[in-house]
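Peer 1: Below are the structure tokens for one structure; questions will follow.
The values are calculated or read from the model by the stated rules, or taken from the named source; none is laboratory data. Owing to the predicted nature of the structure, the values given are computational and were not obtained by experimental measurement. Positions of Cβ are generated from backbone atoms using ideal geometry, with glycine treated the same way; all protein chains shown enter the neighbour counts. Just the protein is used for accessible areas: all its heavy atoms, side chains included, with ligands, DNA and RNA removed. Shrake-Rupley method; radii C 1.70, N 1.55, O 1.52, S 1.80 Å.
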Amino acid sequence: PPRGHGRYPLRVRAIHRLLHRLPVADALAAVGGSFRVRALDGPLPEALDALAEAVREGGNAFVLAGDGRFHLLDAPDAGLLARTDRPRAWRELDAAVLHSALLEHVWEVPDDPEHIGYIHEAAAAVAQAERHGGTAVLMHPVHEDVVRELAEQGVTMPRKSTSFGPKPATGLVLRSLALH
């Protein structure tokens, strides 16, 4: 492995969505039968544990927040995501399902900064949604093997679907001190 790999292993983290103009009640009402919807009891860490468990069981899953509660969306309808010429691994990515199915067709939310924000920290996404009456869509991180598989196939992942770490220190500058 590359030097430092053991001390600073690659981490793939999720990037959560903040839907500025979509209240949670409206988001849930529009979902209808396209996903199974379950209310979750407990604080944010337990909601994220439930999300991880739903993902482990297979299929796509999201947690919606912003109304003081957490709502797990999982078990999507088989025909929800329109077929594309992308590889199966791409079509099954949570980010692909979220944008191609939920945002575009179910919620009809335009993909622009006025309507969608991207936030790395789940607690910050929930707090902002609650403060402004929007919906936080909490995502589970993409598994590193899936990222590698798609990269090996030359497939570009949906934008803002992963956050890699550790990041290099900001402001780091390399400069040769050799005199010419």
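Peer 1: Which of the helices (runs of 4 or more DSSP H) found entirely inside segment 83-180 contain at least 2 residues meeting this: at pLDDT 80 or above?
Peer 2: The helices (runs of 4 or more DSSP H) meeting that bar are 94-97, 122-132.
Peer 1: Quick check on Val12: is it modelled with pLDDT under 95, in a strand (DSSP E or B) and under 27 Å from Ala129 (Cα atoms)?
Peer 2: It is true that Val12 is modelled with pLDDT under 95, in a strand (DSSP E or B) and under 27 Å from Ala129 (Cα atoms).
Peer 1: Hey, another quick one. Kindly check whether there is at least one residue in segment 66-85 that is β-branched (Val, Ile, Thr) and over 17 Å from Arg17 (Cβ atoms).
Peer 2: Scanning segment 66-85 turns up at least one residue that is β-branched (Val, Ile, Thr) and over 17 Å from Arg17 (Cβ atoms).
Peer 1: Can I ask one more? For the structure I just gave you, tell me whether Leu22 is under 19 Å from the mean Cα position of the chain (by Cα), modelled with pLDDT of 95 or more, more than 17 Å from Gly133 (Cα to Cα) and surrounded by 12 or more Cβ atoms within 10 Å (Cβ to Cβ).
Peer 2: When the stated conditions are applied, Leu22 does not pass them.
Residue by residue, here is whether (1) under 23 Å from Asp26 (Cβ atoms); (2) surrounded by 13 or more Cβ atoms within 10 Å (Cβ to Cβ) holds:
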site	(1), (2)
Arg38	yes, yes
Leu44	yes, yes
Glu53	no, yes
Arg56	no, no
Gly59	no, yes
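Peer 1: On to the next question. Scan segment 76-85 and tell me whether some residue there is open to solvent by 70 Å² or more (accessible area, probe 1.4 Å) and touching a Lys or Arg at 6+ places or on another chain (Cβ under 8 Å).
Peer 2: yes
Peer 1: State the number of residues belonging to segment 102-143 that are open to solvent by 30 Å² or more (accessible area, probe 1.4 Å) and within 20 Å of Gly68 (Cβ to Cβ).
Peer 2: Result for segment 102-143: 9.
Peer 1: I've got another one for you. On the given criteria, is Ala39 at negative phi, at pLDDT 90 or above, touching a strand residue (DSSP E or B) at 6+ places or on another chain (Cβ under 9 Å) and part of a helix (DSSP H, G or I)?
Peer 2: Spelling it out, it is not the case that Ala39 is at negative phi, at pLDDT 90 or above, touching a strand residue (DSSP E or B) at 6+ places or on another chain (Cβ under 9 Å) and part of a helix (DSSP H, G or I).
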